[in-house]
Amino acid sequence: MSTVLYVVLSVIVLFLLWVISIYNSLVRSKIRTEESWSDIDVQLKRRYDLIPNLIETVKGYAQHEKDVFEKVTLARSQAMQAQTIQDKSQAENILTSTLKSLFAVSENYPDLKASQNFLKLQDELSDTENKIQAARRFYNSNVRDLNIKISVFPTNIFAKMLNFVKKEFFQAEEEEKGVPQVKF
């Protein structure tokens, strides 16, 4: 009788350890995903801080390009106010598109292109864009890992019981996925 009791207790203890292991794994994945989203936010904040300086620099050379400045400012404001991952993703894609138009305007002003301030801001923004892309990839890989854990058996049973939900990927717009056109 005592041997059966030890076996039953051992099975219960192993089962509890297994459940704890699954729970801890889900929590780690969720926290990694949240941390990687925070990395994206940090880089986006850096970009938001650079944009007004860039606009002011370009304004000094291209005063009659008011429409472009307004679009960039509006897109920046909308991106900063976006709350959900999907809204943030769409707003960021719009902001990226308007920044491209700002740089296209700069092509018409040789003095601006030679300005050290403009070149420095352009380099910083380019560096920030690269960091945003790296942060997006890191976030998406963490989301993938979390979503897999939430979807596969038997973890999916515990994930559902413990209210773990799948996260959304940070995705590029269809136009960003295409091959850019280069004109000389």
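The values are calculated or read from the model by the stated rules, or taken from the named source; none is laboratory data. Small disclaimer: the values here were computed from a predicted structure and weren't measured. Cβ sites come from the backbone with ideal geometry, for glycine too, and all protein chains shown count toward neighbours.
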(Q) Taking the conditions exactly as written (surrounded by 12 or more Cβ atoms within 10 Å (Cβ to Cβ), modelled with pLDDT of 90 or more and not aromatic (Phe, Trp, Tyr)), does LEU26 satisfy them or not? (A) yes
Q) Which residues, taken from the range 44-93, are more than 26 Å from PHE170 (Cβ to Cβ) and outside any helix (DSSP H, G or I)? A) ALA62, GLN63, HIS64, GLU65
Q.
Tell me yes or no: at least one residue of the range 101-117 is outside any loop (DSSP other than H, G, I, E, B), small (Gly, Ala, Ser), modelled with pLDDT of 80 or more and closer than 18 Å to ARG46 by Cα.
A. no
Q.
Restricting to the range 113-146, count the residues that are of a type in the set (Val, Ile, Thr) and closer than 30 Å to SER25 by Cα.
A. 2
(Q) Looking at (1) surrounded by fewer than 17 Cβ atoms within 10 Å (Cβ to Cβ); (2) farther than 19 Å from SER106 by Cβ; (3) among the hydroxyl-bearing types (Ser, Thr, Tyr), which one does THR73 not meet, given that it meets all the others? (A) (2)
Q) Looking at (1) closer than 22 Å to SER141 by Cβ; (2) touching a residue at least 12 places away in the same chain (Cβ under 8 Å), which is the one condition that is false for GLN78? A) (1)
